[in-house]
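Contents: one structure, followed by commentary.
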Amino acid sequence: MGFLFVFSLVWCTLFVNVWRLVSITTEDTNRKYRGVTVLKLEMQASRVGVVRDSMLANPLLIRPALGKTKSKGLTCLGPDFVYGTVATIQDGGVSEALSNWHTHSLPTSGSRGHSRRPGKDFVALNREGVKSGLVTAKEHYQYRATHDRRQASLARRGSRVPVPPRIPPDTTFGISTQPSTPICELLEHKYAQRWLEEQQAKERALEERQLNLPKLGRIQETRTTLLRKSRPMPESTPLWKLPRFQQVGPALDTFRDPYARKKAFNAHFSDSVAQTGQLGQGTYTVG
């Protein structure tokens, strides 16, 4: 009885381990194609007909799912794939950077940058192609593929490569630091006193300048200034009368005194603005 129990326990343990190994392998395989399987199920749910695997690689045939971004049809390369480029530069790490100081040297005439092959001279090739009678773009393309013409080097053109100016090794770059302000001048308010003295000096200079200005004498009056000060009143022309009535006084005078007469005429003149007629004695034009 004990032997059967031990045998059953060993058999169950072996079965569980095998099942776990198969599950891990299946999970890794499904993880690689999980995106494709999910995308295929989503397409089958929203499309009538058979969905082939080749349709999952074409973004034009993939329909966007609700609430998700549209897939580009790309498959992942697996969890063990490392993206990016491999850095092959061996610079020595932190110890090399702390112990050495690398400087950049100026390019010389025999360096690699000046000895490289110049590029094609397409302008000269197109000119030669036109001289040869070529017209279409295809003919020019074939002509450039079969003929080679390089640009002239800088040495042949007679130009010199600009060389940066040589800077002394003890040169310090940047802006010089401003000298610090003495704390004793801040505590004694030297800057405020200096500003007050400057303002007082400016005021004294302004007063001296005002005193030294030449005084102008009395300006002689001219006819124009006199006319501006005293303008003659316009003479009122009397009303026309017959010659025999010019020396005859009024037979009726209804005003008590000249002041009442003047006051009445002023009131009539101010009221004649709203009345019709040349003398302002007609009907009212307002209201």
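Report, ordered by the first and then the second residue, all pairs with beta carbons closer than 7 Å, sequence separation of six or more or different chains, a first member in the range 114-129 that is within 17 Å of Tyr143 (Cβ to Cβ), and a second member that is at pLDDT below 90 and β-branched (Val, Ile, Thr).
Note: no pairs meet the criteria.
Sort through Ser99, Ser105 and tell me the only one that's at pLDDT 80 or above, closer than 25 Å to Pro169 by Cα and not basic (Lys, Arg).
Values: Ser105 fails: at pLDDT 80 or above.
The match here is Ser99.
Here is a list: Pro168, Pro214, Pro179. Which entry is surrounded by fewer than 10 Cβ atoms within 10 Å (Cβ to Cβ), at pLDDT below 80 and not β-branched (Val, Ile, Thr)? Talk me through it step by step, then tell me what you get.
Working: Pro168 fails: at pLDDT below 80; Pro179 fails: at pLDDT below 80.
Testing whether each residue is surrounded by fewer than 10 Cβ atoms within 10 Å (Cβ to Cβ), at pLDDT below 80 and not β-branched (Val, Ile, Thr) leaves just Pro214.
Residue under question is Ala45, and the condition is that it be at negative phi and at pLDDT 80 or above; does it hold?
Values: at negative phi: yes; at pLDDT 80 or above: no.
No.
Report those helices (runs of 4 or more DSSP H) wholly inside the range 169-287 carrying at least 1 residues which are among the β-branched types (Val, Ile, Thr) and free of Cβ contacts under 8 Å to residues at least 24 places away in the same chain. Spell out how you get there, then give the answer.
Details: elements: 183-187, 190-211, 223-229, 258-271.
Where helices (runs of 4 or more DSSP H) fall fully within the range 169-287 and carry at least 1 residues being among the β-branched types (Val, Ile, Thr) and free of Cβ contacts under 8 Å to residues at least 24 places away in the same chain, they are 183-187, 223-229.
Any idea which of (1) touching a Phe, Trp or Tyr at 6+ places or on another chain (Cβ under 6 Å); (2) exposed (fewer than 10 other Cβ atoms within 10 Å of the Cβ) is the one Thr237 doesn't satisfy?
Just one mismatch for Thr237, condition (1).
In this structure, does Phe255 turn out to be at pLDDT 75 or above and either among the polar types (S, T, N, Q) or surrounded by 10 or more Cβ atoms within 10 Å (Cβ to Cβ) (or both)? Give the steps one after another, and end with the answer.
Details: at pLDDT 75 or above: yes; either among the polar types (S, T, N, Q) or surrounded by 10 or more Cβ atoms within 10 Å (Cβ to Cβ) (or both): yes.
Yes, satisfied.
The values are calculated or read from the model by the stated rules, or taken from the named source; none is laboratory data. Predicted, not measured: the structure shown is a model, and the values here were computed from it. Here the Cβ is made from the backbone with ideal geometry for all residues, glycine too, and neighbour counts use every protein chain on show.
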